[in-house]
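Below: one structure, written as structure tokens.
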Amino acid sequence: MTASDATRIASLHQIFDEPISSNQKDIALMYAIGITIDDIADIKGIKPITVRNHLDVVRNKLGGITLGSLRSIIFLRLLINPQVINATHNIFN
């Protein structure tokens, strides 16, 4: 992941109204776009269990949803939030 990718991911933080850390937002977004837990751990310089713990916090803040539901919710929030459409487009291209 490049510095430009990291900037684009950070620009998507606005889809979260929940009180979660920037790091948890980054991890949830990276997971949602298909980066594996092990790869997220490598990128962030943390252990995979720490990534899982951050994902658990996000899931619990969103009502105890599954990881699959987390991906769906993030994509739905991206689709209904017009301010992030351009940033989202840049991530996937």
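The values are calculated or read from the model by the stated rules, or taken from the named source; none is laboratory data. Here the structure is a predicted model, which is why all the values come from computation and not from measurement. Heads up, the Cβs are rebuilt from the backbone with ideal geometry, glycines too, and the neighbour counts pull from every protein chain shown. When the accessible area is computed, the model is the full protein with side chains, heavy atoms only, and any ligands, DNA or RNA have been set aside. Shrake-Rupley method; radii C 1.70, N 1.55, O 1.52, S 1.80 Å.
Side notes on the structure shown:
- Residue count, segment 17-46 (criterion: of a type in the set (G, A, S), part of a helix (DSSP H, G or I) and open to solvent by 60 Å² or more (accessible area, probe 1.4 Å)): 1
- Meets criteria (part of a helix (DSSP H, G or I), at pLDDT 90 or above and surrounded by fewer than 16 Cβ atoms within 10 Å (Cβ to Cβ)) for D5: no
- Residue ID - modelled with the highest pLDDT, chosen from residues in segment 47-63 that are assigned to a loop (DSSP other than H, G, I, E, B) and open to solvent by 50 Å² or more (accessible area, probe 1.4 Å): K47
- Segment 83-93, residues that are at pLDDT 60 or above and either open to solvent by less than 100 Å² (accessible area, probe 1.4 Å) or touching a His at 6+ places or on another chain (Cβ under 6 Å) (or both): V84
- Checking the stated criteria, L76 turns out to be surrounded by fewer than 14 Cβ atoms within 10 Å (Cβ to Cβ), among the hydrophobic types (A, V, I, L, M, F, W, C) and at pLDDT below 95.
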